[in-house]
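The values are calculated or read from the model by the stated rules, or taken from the named source; none is laboratory data. This structure is a prediction, so every number in the text was calculated from the model and none was measured. Ideal geometry is used to build each Cβ from the backbone, glycine not excepted, and the neighbour counts take in all protein chains shown.
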Amino acid sequence: MAGTESAHHEESDSQLLHRFGYAQQLLRDMGGFSNFAISFSVISILTGAVTLYGTGLNAGGPAVMGIGWPLVSIFVFMVAASMAELASAIPTSGALYHWSALLGGPGWGWITGWLNLIGLVATISAIDYGCAGFLSPMLGFGDSPSSVMKVFTLLLISHAVLNHVGIRAVARLNDFSAWYHILGAGIIIGALAFFAHKQPVSYLFTEHFTTLKFGQSPVPYWYAFMSGLLLAQWTYTGYDASAHTIEETRNARVKAPWGIFSSVAISGLFGYLLICFVTLAIRDLPAAAAADNPFKFIFEHAFPGSGFPLAVMWIVTIAQWFCGLACVTSTSRMMFALSRDKGMPFAGTWAGVSRRFRTPAAAVWLSALLAFLLPALLLMFLAARHNVSDFSTLYGAITGVSTIGLYLSYGLPILLKLRAHKAGVWSAKTNGPWNLARWSVIINTLSIIWVAFITVLFVLPPNHLTGLAFVPVIVGLSIYYVIGVRGNFKGPIRQAASEAELLKMEAELTR
Amino acid sequence: MLAKYGILLGGGLVLLATVVAFAIIGRAARSVSEFRHDQHEAFSADKP
């Protein structure tokens, strides 16, 4: 019975893909859980909520956790639901890039693809640089920028090698990673709930604390609180991975949208429990905020003289490694899709597939190289200006680039869908099975407003380094678009003109 | 202000986030179910 149902979905999934002009080239054997698992692994509550914990705590204190997280969650649920609707209607692995190109034309598709790519590359940088920041001192190499960069390089190489040669192992590791994250968060939450001294629950909502300053002047608390929302907002990134793997998912129009939304909703629940219990375990707030690693500091003081804080650091570091691995997979797929349609310089190279391993090997290695260059260039920039080059300054800038790049790429196709709806091009018949019906317009609109708001918020001080990194990239992209892309880039290219030709391509692959 | 209204604000946002999440889940589940139902009807109607 299950086999019959599977065969039925496979048939309808492939037929639907043919309508978009693509052959079923990728192996469609991913179930609903695997699709959820890849997004849940990239969101990784044990990465974002942990590595940016100190940033949030210094910005607005416990209220950033207790009030900020649910505030961000409400809007992220809407963005995820809007993206899930689009994935259900246009189930191709180019995802955001394809959605924008189909709804707004090749130019919109190109800019969406590039913003997504910039966001994803910065996400790899942030995850692996954050992981290196934890791992380097644990291995005894210290936490100087040069030591962290060396460990960071080794982590990137490990992810690139695995994505190049072991895609089956990567898929299994992603499934395992989802369980690992739930179990890891469960152990940490359970230990804090049952064995740590705790503040009253009101501590999460009423404690007024910030260390942010404009020069020597104090920052208004509401502003400091807002800048601390980066903690939650960056954690909630990367769930487009479910859409990037949609051509490999069975019953894709239903399972992939659920993968997008459920990964966000479950991360929201576990992430909130995690940061709330960590915050309730704080004994000395100013000392915790001033620590090099506030998350580690809180555990060392909550469980003094035990091996548990070190165990927690290992749990978190391993989760970050899993997260980086999944993110390299997602980024390389996006790069491959954009290059396949000639949307990148030297596109032929990045669209190449390893004959031996059947992976987009060149795109994998380029993803890793670009992820290395972002923090390296920022470090050089800071060093040249004799500026602060500490971990948190650099980390805040990278996560800011990642958040803005990704959310702009999420917001553009939603905006274009709204435009299509207004023009009468998008109707109820255009919807896939997973849709929000009459709620769609209002939820899409609120999503756009939120994306616009955070884009401005996260380039303002103290995140101005994000703007310094992001603006030259946008200017460079604009120049490249005007000189080399406009008029030449045609958007998603149909692989064949007829269904018979697509079926022939598929038959050749199965020989 | 946070000391006075923080609990109300935080509690309200947690409640609102929960309501939004479940409302979206419910709406999407209904749409998927209606879609299947419609498809089934269309399939039956096509039968000779």
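Rundown of residues vs (1) among the charged types (D, E, K, R); (2) under 20 Å from the mean Cα position of the chain (by Cα); (3) within 20 Å of A:LEU52 (Cβ to Cβ), yes/no style:
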position: A:LEU408; (1), (2), (3): no, yes, yes
position: A:LEU412; (1), (2), (3): no, yes, no
position: A:ARG419; (1), (2), (3): yes, no, no
position: A:THR445; (1), (2), (3): no, no, no
position: A:VAL451; (1), (2), (3): no, yes, yes
position: A:LEU460; (1), (2), (3): no, no, yes
position: A:ASN463; (1), (2), (3): no, yes, yes
position: A:PHE489; (1), (2), (3): no, no, no
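Take residues that are in contact with a Phe, Trp or Tyr (Cβ under 8 Å, 6 or more places away or on another chain) and within 25 Å of A:THR112 (Cβ to Cβ) and tell me which of the helices (runs of 4 or more DSSP H) falling wholly in region A:293-412 contain 3 or more.
Where helices (runs of 4 or more DSSP H) fall fully within region A:293-412 and carry at least 3 residues being in contact with a Phe, Trp or Tyr (Cβ under 8 Å, 6 or more places away or on another chain) and within 25 Å of A:THR112 (Cβ to Cβ), they are A:308-340, A:361-384.
Quick one: which helices (runs of 4 or more DSSP H) lie wholly within region A:108-220 and hold at least 2 residues that are polar (S, T, N, Q), over 30 Å from A:VAL482 (Cβ atoms) and away from chain B (no Cβ under 14 Å)?
Here the list reads A:145-165, A:167-195.
If I ask for residues that are assigned to a helix (DSSP H, G or I), buried (at least 20 other Cβ atoms within 10 Å of the Cβ) and not charged (D, E, K, R), which ones from region A:415-442 would you list?
A:LEU415, A:LEU416, A:SER440
Among the residues of region B:32-42, is any part of a helix (DSSP H, G or I), at pLDDT 90 or above, more than 7 Å from chain A (Cβ to nearest Cβ) and surrounded by 14 or more Cβ atoms within 10 Å (Cβ to Cβ)?
no
Is it the case, given these coordinates, that A:GLY432 is at pLDDT below 95, within 14 Å of chain B (Cβ to nearest Cβ) and more than 30 Å from A:ASN463 (Cα to Cα)?
yes
Which residue out of A:GLY94, A:GLY48 is outside any helix (DSSP H, G or I), crowded, with 24+ Cβ neighbours inside 10 Å and not charged (D, E, K, R)?
Within the list A:GLY94, A:GLY48, the selection yields A:GLY94.
If the Cβ limit is 7 Å and pairs must be 6+ apart or interchain, which residue in region A:208-223 that is closer than 15 Å to A:ALA63 by Cα pairs with which residue that is in a loop (DSSP other than H, G, I, E, B)?
If the second residue must be in a loop (DSSP other than H, G, I, E, B), the pairs left are A:HIS208/A:GLY61; A:PHE209/A:GLY61; A:THR210/A:GLY61; A:THR210/A:VAL219; A:LEU212/A:VAL219; A:LEU212/A:PRO462; A:TYR221/A:HIS208; A:TYR221/A:THR210.
Kindly check whether there is at least one residue in region A:451-466 that is closer than 30 Å to A:PHE75 by Cα and touching a strand residue (DSSP E or B) at 6+ places or on another chain (Cβ under 8 Å).
Checked region A:451-466: at least one residue is closer than 30 Å to A:PHE75 by Cα and touching a strand residue (DSSP E or B) at 6+ places or on another chain (Cβ under 8 Å).
With respect to A:ALA132, determine if the residue is buried (at least 24 other Cβ atoms within 10 Å of the Cβ), under 29 Å from A:ALA376 (Cβ atoms), touching a Ser or Thr at 6+ places or on another chain (Cβ under 9 Å) and not aromatic (Phe, Trp, Tyr).
Values: buried (at least 24 other Cβ atoms within 10 Å of the Cβ): yes; under 29 Å from A:ALA376 (Cβ atoms): yes; touching a Ser or Thr at 6+ places or on another chain (Cβ under 9 Å): yes; not aromatic (Phe, Trp, Tyr): yes.
Criteria met by A:ALA132.
Considering each of A:GLY190, A:GLY166 in turn, give the residue that is within 30 Å of A:LEU369 (Cβ to Cβ) and among the small types (Gly, Ala, Ser).
Answer to the check: A:GLY166.
So which residues in region A:481-502 are assigned to a helix (DSSP H, G or I) and either touching a residue at least 12 places away in the same chain (Cβ under 8 Å) or over 30 Å from A:TYR22 (Cα atoms) (or both)?
Selection gives A:TYR481, A:GLY484, A:VAL485, A:GLU499, A:LEU502.
Evaluate region A:456-472: report whether one residue or more is surrounded by 12 or more Cβ atoms within 10 Å (Cβ to Cβ), modelled with pLDDT under 95 and either within 14 Å of chain B (Cβ to nearest Cβ) or touching a Pro at 6+ places or on another chain (Cβ under 6 Å) (or both).
Residues of region A:456-472 surrounded by 12 or more Cβ atoms within 10 Å (Cβ to Cβ): A:457-470.
Next cut, modelled with pLDDT under 95 only: A:457-470.
Then drop every residue that is not either within 14 Å of chain B (Cβ to nearest Cβ) or touching a Pro at 6+ places or on another chain (Cβ under 6 Å) (or both), which leaves none.
No, region A:456-472 has no match at all.
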